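Visitor: The structure under discussion is supplied below as structure tokens; questions concerning it will follow.
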2 protein chains.
Amino acid sequence: MVKKTDTGARADPLPVRRAATAYDVAKLAGVSQSAVSRAFTPGASVAPETRKRIITAAKELSYRPNLIARSLIKQRSGTIGVVISYLQNQFNPEVLESLSRALKAAGYNILLFTVDPHSADPVLEEVLQLQVEALVLGSTSLSSAVADECAIAGIPVVLFNRTSAVNSVSSVAGDNVAGSRRIAQFLAAGGHRRFGYIAGLENSSTNQEREAGYTTWLQQNRLSVSSRAVGNYTFQGAWDAMREICSQPERPDAVFCANDHMAIAALEVARSEFGLDVPGDLSIVGFDDVGAARWPSFSLTSFSQPVDVMVAETVRILLGLIGGETATREAITVPGHLIVRRSARLPPHGIERNGDVLVWCPSDPLVP
Amino acid sequence: MVKKTDTGARADPLPVRRAATAYDVAKLAGVSQSAVSRAFTPGASVAPETRKRIITAAKELSYRPNLIARSLIKQRSGTIGVVISYLQNQFNPEVLESLSRALKAAGYNILLFTVDPHSADPVLEEVLQLQVEALVLGSTSLSSAVADECAIAGIPVVLFNRTSAVNSVSSVAGDNVAGSRRIAQFLAAGGHRRFGYIAGLENSSTNQEREAGYTTWLQQNRLSVSSRAVGNYTFQGAWDAMREICSQPERPDAVFCANDHMAIAALEVARSEFGLDVPGDLSIVGFDDVGAARWPSFSLTSFSQPVDVMVAETVRILLGLIGGETATREAITVPGHLIVRRSARLPPHGIERNGDVLVWCPSDPLVP
């Protein structure tokens, strides 16, 4: 028995002594066993407050309900739930199309949940009812509690384009920190001295990582962000943020926007409302390298997130989780490039051709 | 018995004497009854040629297989299949987001099928297997045969942003013919004389209707399309088409593109490759009024397709079909406006403010 538990512990990254039961969860949460059962049964009614207590207790005990029962009754549904928000951000349709292609090739269809980017919409009930085999959370604002609840309910989850502070959930993201450091370095090398930043949703991991990479590099090099405004990842939000930044007496000479969707809005405002020449008066850099970044009107310098590579990693992890082959958590960071176009003033050196794009590869990095 | 049949015939728009059976279909198709049964059973194997014969026979006889059996075994899945292609076209993510919101409000989730815009991918097998309650076909290229097959198999179908030549399937579309006539009239009133057209997929109903509206009005007014190229609704296709049109010795002074996505590509080419001023040298008009049409870089004059209204109509029809309340086919045309911005030279009169946009409302139409 001890040996068996040890073997189990080796397959599972967490040290497990005895699998927690509904009885343990009920005891810890101070509720009946039937309430625990209802909390994990699709469509069953539980008071929200009770449910919250049960989920907390289940988390604490690493309780995984009904796994055998579910595997017996669950027919292979062939569907993967994808939660995504705000398809106006050009990155999201690109992700959805790529995911759809890759999952179809693997024999799965997509059950689509679009959520309001500003609400941490709990989709768990729906997900349980619809018996998706796994879930991709591609919304940057979704509360990571939902991810935890799914993991507890035995539904494989992969976070896409975001990371989680809790270590139970796998994730695939671009290289937010390195990319933003590279952008800061690129702008400094290009002779800029007044640095602006337009933030995305401040509670999102992508914004936190991108802002940290940018500001930390600047600080380490005795520079700083002189103007900052929050665009919340929306077009209108970025529009208002850029208007605020450009209205200040000491206008920055470079603005890094936390994604391309906001950078396009910033470009439009700078030109149409302030008559600024980009990059003559002001440089603008984005993150994602969406399709529209290539359009001549924008010609946006941007750090790339290679969607197809990120999607391939996501599908690989999902299939492993569904097949029960992997129980370990993977946090994948997919590297990108700083794609150099015309929206930002160029440094004197370090620009190299890479296929049909120019990338910045400083051979003599200003800092390690 | 006769009376009962008559009552049935009144509820159904088609005159039905006796419901066709699998036997009737088998006889007409010259196959066995079991082949007919297999053709309408998810996952069962039938030779493609045989299946085609069976479908043709079933269509001819208005055969609806297994309806009672299906209603007995089918649990309410709560999902609607949505077939869409090419999410790069800004119109499609807008539709998907609006559909997702409206269906969620009605208690449904979306099972998403993205298809290659150039292939008439048969999704029927998948649809039958996944037991979606209804299907929205939002791809302009999908063969209408798929729609017919679904209708035969008893799955409610609504075509979105396209119409069908066959009269068995409901559809919701914008006012392609009136909109394109209005565009021709607007350009003529603006003093243009050399008219270009960039076509979408030539076999799509949207392109056929938009091209017909444009060219017919011009012909009726002793004008004509002097340059035409096919962009197939893709960005790259429109890019190449516009390059072809601008390279001709007699360049048009106005180009109507069959949708905004292509119009944006045309604008980019005209400016970046030919150094043309839009609308000084050349006017460009699109169709759809997508979000990006409002961006100052494009400021695209475009005939609007009100997505939320189109989606509301689609959901209304779907719910009626699912509930079995309606059996009649509806072909809805949602009216739009010619939204006037800066990408086309203006006529001397007829421009009116409508909320926060300008629209062209010729009080004295050049033709009825």
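Visitor: Could you compute how much accessible area chains B and A hide from each other, both sides summed, with a 1.4 Å probe? Nearest 100 Å² is fine.
Guide: Protein heavy atoms only, the B-A interface buries about 2700 Å².
Visitor: Something else: Sticking with the crude label model, points 7 Å out along Cα→Cβ, report the distance from residue A:331 to residue B:116 in nm, one decimal please.
Guide: The two pseudo-label positions are separated by 4.0 nm.
Visitor: While we're here: Sort shortest first the distances from residue A:52 to its counterpart in every other copy, using label points 7 Å along the Cα-to-beta-carbon line, and give them in nm.
Guide: Those separations, rounded to one decimal, come out as 6.2 nm.
Visitor: Taking 0.36 nm per intervening residue step and subtracting the Cα-Cα distance, what contour gain separates residue B:244 from residue B:342 on full extension?
Guide: Residue separation times 0.36 nm, minus the Cα-Cα distance, leaves 32.9 nm.
Visitor: Would you kindly work out, in nm and rounded to one decimal, the distances from the label point of residue A:154 to those of the same position in each other copy, ordered shortest first, with label points 7 Å along Cα-to-Cβ?
Guide: Label point to label point, same position, other copies: 3.3 nm.
Visitor: Net charge within 11 Å of residue B:292 by Cβ-Cβ distance, Lys/Arg positive one each and Asp/Glu negative one each, not counting residue B:292 itself?
Guide: Spelling it out: positives minus negatives among the neighbours equals -4.
Visitor: Of A:59/A:104; A:104/B:52; B:52/B:104; A:52/B:104, which pairs sit farther than 31 Å apart, going by alpha carbon to alpha carbon?
Guide: A:59/A:104; B:52/B:104
Visitor: What does the copy distance list look like for residue A:312, label position 7 Å along Cα→Cβ, in nm and ordered from shortest?
Guide: Label-point distances to the other copies, shortest first: 4.6 nm.
Visitor: Summarise the accessible area of the range B:240-308 (1.4 Å probe, protein heavy atoms) by the percent that is carbon and sulfur.
Guide: That share works out to 43 percent.
Visitor: Explain nothing, just compute: Karplus ³J(HN,Hα) = 6.51 cos²θ - 1.76 cosθ + 1.60, θ = phi - 60°, for every residue of the range A:285-293 in order, whole Hz, x for Gly and Pro.
Guide: My calculation for the range A:285-293 gives 10, x, 9, 2, 6, 6, x, 5, 4 Hz in order.
Visitor: Sort A:268, A:250 from largest to smallest accessible area, using a 1.4 Å probe on the heavy atoms of the protein chains.
Guide: A:250, A:268
Visitor: Given a 1.4 Å probe, show me the residues in the range B:255-285 buried by at least 40 Å² of accessible surface when comparing the whole protein assembly to the chain alone.
Guide: B:268
The values are calculated or read from the model by the stated rules, or taken from the named source; none is laboratory data. Just so it is clear, the structure is predicted and the values come from calculations on it, not from any experiment. Glycine also receives a Cβ, built like all others from the backbone with ideal geometry; neighbour counts cover every protein chain displayed. Calculation scope for accessible area: heavy atoms of the full protein, side chains included, ligands and nucleic acids excluded. Shrake-Rupley method; radii C 1.70, N 1.55, O 1.52, S 1.80 Å.
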